[in-house]
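**Q** One structure, as structure tokens, below. Some questions next.
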Amino acid sequence: MSIERIYQTDVLIIGGGIAGCFAAIKAKQEGVDVILVDKGYVGKAGATPMASLGYLVYNRQWGTDLNACIDAVSQKGEYVNNREWTELVFKESLSTYEDLIAWGANFPVENPDGAPYFKTYPPFTIVPVGTPTTGMPGRHQAEKVGVKIMDKIVITDLLKTDNRVIGAVGYQLLGEDLLVFVAKATVLCAGFTSVLKGDGDAMAYRAGAELTTKEYAYTWPAAGKLPGGRRGVAAQNVFMRYKDSQGNNIDASNTYEMDLTMEFLVHAGRAPIFWDLDSATPEDIERMRKRQDSAYPWDPWEFDPAQGGRIEMNGGDGGMNVCSQTGGIWPIDTKCATSIPGLYAAGECCGTRYIGGYHPAPGFGLTGSAVTGNRAGRGAAEFALQNKRAAVDKEEVARLKNILATPIERKGGFSPRWTAQMLQNIITPYYMKYIKHGDRLKAGLTIVEFLRDHVVPKLYARDRHELWLAHETKNMVLSAEMVLRASLFRTESRGNHYREDYPRRNDPEWLAWVKLQERGGMMELWKEPIPREWWPDLSRPYHERYPRRFPGE
């Protein structure tokens, strides 16, 4: 891997989902040169193509009340949301929705009678996403305005000089080139990979940025969580009910609110939780088929409910994931700038905390990503127009290129596939990620530290694809350490962070955000107080402030 190519631009965007496309388009419209890179295919990679559950839109003409929405997010998010960001996302949701329509995204805008079509999750209004989804229209618009798009580019680290991010290094997944990107401003939009693997967060952490809120689990009903993977998601989307091992009926409708219902049932010994497809009525089956056809006509679900059978869950989950639109890189302003000059964040890896510790309804992830992408693109363009391109430190480039290539140059060591499996065995069981206890968290952290210190430095790759896996695995180990340390640090239960040894919310001590940063080679954590005006009314009884109950309360 000795061939080197250098690309210079005003703004570099890393990640080609909805946030990356918004950032690239808005930056280009400010009159700067923009390069947009993705390790997959811009418009089809990440979570954006799968985001069919809806797009959050605040529109006064639809009867939506802004204050009611903000207050509902605060209560559902248990008062650890940033209300300034909550308000910004709601206020700018309509304009980003209109942008997507103008770019060609398909939203079923009208009912047969001509009235606007949206679903209500009181007090929110969610617009269903049709086909094509928001991904490819974003790519086409970026191409139209002159953004340079580069697919199959694996970015491994950010490039710095004089405590300023000036680009990134990476390589071509399908070529022979090492790549150096030199930019006046860089926007990290490595969203879904940050939720599952931590790529964006890990790169920012190694560059010295502040991160936040890694303790809240991602509990959306996804294929890695619900019974039977994608088959279970399909069943859940329509039937909304399960049974436990004793045959008791379970109303699973509230899993759309991303709570811990399933995990608590499993922990209580009521697994397996299952959907008995043999009991489906003809009406259920017809409703399922309509749901499949309308949601994913290009990628239908992998089962026919008429075939019957039983789909089970025993308490597993996949990924290093944290709560969508909450944990990530700490933005120091509403332009999505980070604590490192020249670096911006958007999408799932931007820690706006706009929904707090609990996902309130479908559609919030897609809209939050669009709004932060919009703001980060404009903010990065403004920074680029005001600053000259910094000189590149050749020694730093050589250091990062050595880190990039070492796994493929090593003759042996630890396989990234084996290492990822060992890590998943530690971090993904329900009793580690969801039903937490200090003793288990400490035990898990001990093994993760061993992987970090002994295994990760000896990862090896047999080809360029395994080289990608090696860097992803390194990021996963770092992300797991962040999650475990933040979960240990917050000694209470709140939102989707539940500690068996601390089963109650602790006001006002933990009306705070957890922040972390690399300092002197160590991961340091501290509290950032939440503004007092955003606190709940502490004179109200505890169970009025927090209507949801945790076991042990």
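**Q** In nm, what is the difference between 0.36 nm times the number of residues separating E4 and D453 and their Cα-Cα distance?
**A** Taking 0.36 nm per residue and subtracting the Cα distance, the gain is 158.6 nm.
**Q** Under a point spin-label approximation (7 Å from Cα along Cα-to-Cβ), what is the S95-L66 distance to one decimal in nm?
**A** The two pseudo-label positions are separated by 1.2 nm.
**Q** In the stretch 473-552, what GluC sites (Glu not before Pro) fall in a loop by DSSP, with at most 13 other Cβ atoms inside 10 Å? Show your work: numbers first, answer last.
**A** Working: sites: E481, E492, E500, E509, E518, E524, E533, E544; in loops: E492, E500, E509.
In loop regions of the stretch 473-552 (DSSP not H, G, I, E or B), the sparsely surrounded GluC sites (Glu not before Pro) are E509.
**Q** Hey, with R₀ at 41 Å, roughly what FRET efficiency would D537 and E396 work out to, going by the Cβ-Cβ distance, to 0.05?
**A** It comes out at approximately 0.20.
**Q** With a 10 Å Cβ neighbour count serving as the proxy for reagent exposure, in which order, fewest first, do K44, K197 appear?
**A** K44, K197
**Q** Starting from the Kirkwood Rh over alpha-carbon pairs, what translational D in µm² s⁻¹ does the stretch 404-545 have by Stokes-Einstein at 25 °C and 0.890 mPa s? Before the final figure, lay out each step's value.
**A** Working: Rh = 17.2 Å.
Answer from the Stokes-Einstein relation: 143 µm²/s.
**Q** Just to confirm a number: summing +1 for Lys and Arg and -1 for Asp and Glu over residues other than K148 whose beta-carbon lies under 10 angstrom from that of K148, what do you get? Write out the running numbers ahead of the final one.
**A** On the way: positive: K28; negative: D33, E143.
Its environment carries a net charge of -1.
**Q** Compute the distance from the alpha-carbon center of the stretch 405-457 to that of the stretch 151-208, in whole Å.
**A** Cα centroid of the stretch 405-457 versus Cα centroid of the stretch 151-208: 22 Å apart.
**Q** Something else about it: Just want the ordering: K148, K160, K214, K388, from fewest to most Cβ atoms lying within 10 Å of their own Cβ.
**A** Ordered from fewest to most neighbouring Cβ atoms within 10 Å, K148, K160, K214, K388 come out as K388, K148, K160, K214.
**Q** What do you get for trypsin sites (Lys or Arg not before Pro) in the stretch 510-553 restricted to DSSP loop and a cutoff of at most 15 other Cβ within 10 Å of the site's Cβ?
**A** Taking the stretch 510-553 and a limit of 15 other Cβ atoms within 10 Å, the loop trypsin sites (Lys or Arg not before Pro) found are R549.
**Q** Fewest to most neighbouring Cβ within 10 Å: what's the order for T367, T161, T428?
**A** The fewest-first ordering by Cβ neighbours comes to T161, T428, T367.
**Q** Same structure, new question: PRE reach from I403 (point 7 Å along Cα→Cβ): which of the stretch 512-553 fall under 13 Å by backbone N?
**A** Inside the label zone: 518, 521.
Read-outs: derived from the displayed coordinates by stated rules, not from any lab. The model shown is predicted, which means the values in this text are computed figures rather than measured ones. FYI the Cβ positions are ideal-geometry reconstructions off the backbone, even for glycines, and counts take in every protein chain you see.
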